[in-house]
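Okay, structure first, notes after.
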Amino acid sequence: MKAMVMHEWNGPYVEEDRPIPEVGPLDVLIKVKACGAGYTLTGLRAGLNGGSLPRIIGHEIGGIVEEVGPMVTTCKPGDRVCVSFYLTCGHCKWCVRGRETLCDNFGGFVGAAIDGGFAEYAKIPASNVIPIPEGIGFAEAGVTTDAVATNWHVFKERCKTKPNDRVLVVGAGGGVGIHTIQVAKIFGAHVIGADVSDEKLELAKKYGADEVINVTGKEMSKEVMKLTEDSGVDAVVDMVSTKQTFEESVKSLGRGGTHVLIAVPRPRGPADFNIDGGRFIFDEITITGCRCATRQEIRESLELVQRGLVKPVVMNTFPLGEANKVQELIDNMALLGRTAFVFE
């Protein structure tokens with residue numbers, strides 16, 4: 001099979017011919033039809049998600065079941081399926097509570113601990129394989145497992161958003177941000193989108209942002225306070241996660257507000273944040289993170305897409321052989337919407 005293989009951290013993808021993987025008793029062999037490509041790959045390529053080399057990365061997989069192991073009963077050859085990113089045990093306290101992304105026996109990530117979807121075939125544990133509902137394309141399903149499902153988890157569990165809440169989306173015109181807007185609207189939120197270019201903000205408005213702010217050369221929090229008559233927002237979802245966006249996001253919160261970090265800060269490690277600690281007490285603000293989504297939340301997100309409530313915005317498609325070109329565009333944040341490799 002054709003595969004794009006990474007042999008060194010942050011190194012190039014090398015096109016190789018590899019044997020089709022042999023399935024184990026609880027594995028599923030997927031003929032990959034599409035694989036989404038987003039900013040998460042930048043961290044995977046740098047080794048920030050662990051794993052080992054050489055590795056075939058790519059986790060936003062949509063494809064057709066080619067073969068199943070003898071103990072697999074949840075799918076069969078010919079089924080259309082997508083994949084959950086997290087390799088979890090299914091029986092620890094977090095898994096049974098429906099918070100499997102905090103699994104005590106976490107096994108790593110698809111595309112880091114095991115090979116992913118930058119290849120014609122991918123061998124995936126059956127527990128990570130999720131059916132694609134009728135009417136959803138392979139690329140759209142793959143993108144849903146990340147860009148839509150993550151946001152469903154944000155608003156359902158991390159923010160617990162209510163109708164008429166004000167939500168600020170930082171990085172609103174990016175590949176995840178435009179889905180954040182759409183999901184926030186399902187919860188009845190009033191959405192303010194912030195980004196650094198008018199082109200991205202036009203896209204944010206197209207997908208439902210009620211108001212937008214071009215933050216170039218401006219203090220975002222001051223602009224937010226103008227729009228909210230100094231009351232601030234009920235939630236901030238931060239796709240950028242720099243020192244500047246973190247501090248400005250916290251300043252943008254109103255009383256009882258919640259700040260959610262989605263992007264992993266680059267570089268990782270301690271950072272000196274200038275935050276008024278008294279606000280945690282007197283305004284009861286919350287700062288939290290979001291680790292993707294559970295398998296059930298992926299299923300729920302796919303249903304949202306099937307019902308037409310959210311549109312996976314796949315604006316760019318490429319053949320797999322252009323993986324290095326696409327990675328450079330992703331690293332430079334030069335793509336609008338989501339991107340996917342599409343297989344013939």
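Please treat every number below as a calculation from the coordinates, not as lab data. Since the structure is predicted, the reported quantities are computational estimates derived from the model, not experimental observations. Reconstructed Cβ throughout: ideal geometry from the backbone, glycine too, with neighbour counts over all protein chains shown.
Tabulated data for the structure shown
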read-out: Sites K206 and R299 - FRET efficiency at Förster radius 22 Å, r taken between beta-carbons, to 0.05; value: 0.20
read-out: Residue pairs, from the table K162/K205; K156/K185; K76/K311; K33/K156; K185/K243, whose Cα atoms sit over 23 Å apart; value: K76/K311; K33/K156; K185/K243
read-out: Quotient of C-alpha Rg and 2.2 N^0.38 Å, computed over region 226-344; value: 1.36
read-out: Whole-Å distance, taken between Cα centres, linking region 182-204 and region 84-131; value: 30
read-out: Label-point separation in nm, N105 to A46, each point 7 Å along Cα→Cβ; value: 3.2
read-out: For the chain, built as a Gaussian network whose Cα springs stay under 10 Å, the top-fluctuating residue of H91, H153, H259; value: H91
read-out: Estimated 222 nm signal from helices in the chain, with DSSP H stretches of n ≥ 4 weighted -39500 (n - 2.57), rounded to 500; value: -6500 deg cm²/dmol
read-out: Dipole of region 278-337, positive end: most advanced residue of C292, A334, V305 [Cβ charges, Cα centre]; value: V305
read-out: Region 245-344, relative contact order [Cα under 8 Å, separation at least 6], %; value: 23
read-out: Inter-part distance where region 41-71 and region 146-170 are each reduced to a Cα centre, Å; value: 27
read-out: 0 to 90° range, to nearest 10: angle between helix 243-252 axis and the chain longest Cα axis; value: 50
read-out: Largest-first ellipsoid semi-axes for the chain, taking √(5λ) over the Cα gyration tensor eigenvalues, angstrom; value: 34, 21, 19
read-out: Translational diffusion coefficient (Stokes-Einstein; Kirkwood radius from C-alpha pairs) of region 122-171 at 20 °C, 1.002 mPa s, in µm²/s; value: 161
read-out: Relative contact order (%) - the chain, alpha-carbon pairs under 8 angstrom, separation at least six; value: 18
read-out: Space enclosed by the convex hull of the alpha-carbon atoms of region 158-222, per residue, Å³; value: 76
read-out: Calculated Rg and Dmax of region 1-137 using C-alpha coordinates, Å; value: 14.6, 42
read-out: Kirkwood hydrodynamic radius of region 292-344, Cα pairs, Å; value: 12.9
read-out: Average projection area in nm² (convex hull over Cα atoms of region 164-272, one quarter of hull surface); value: 6.5
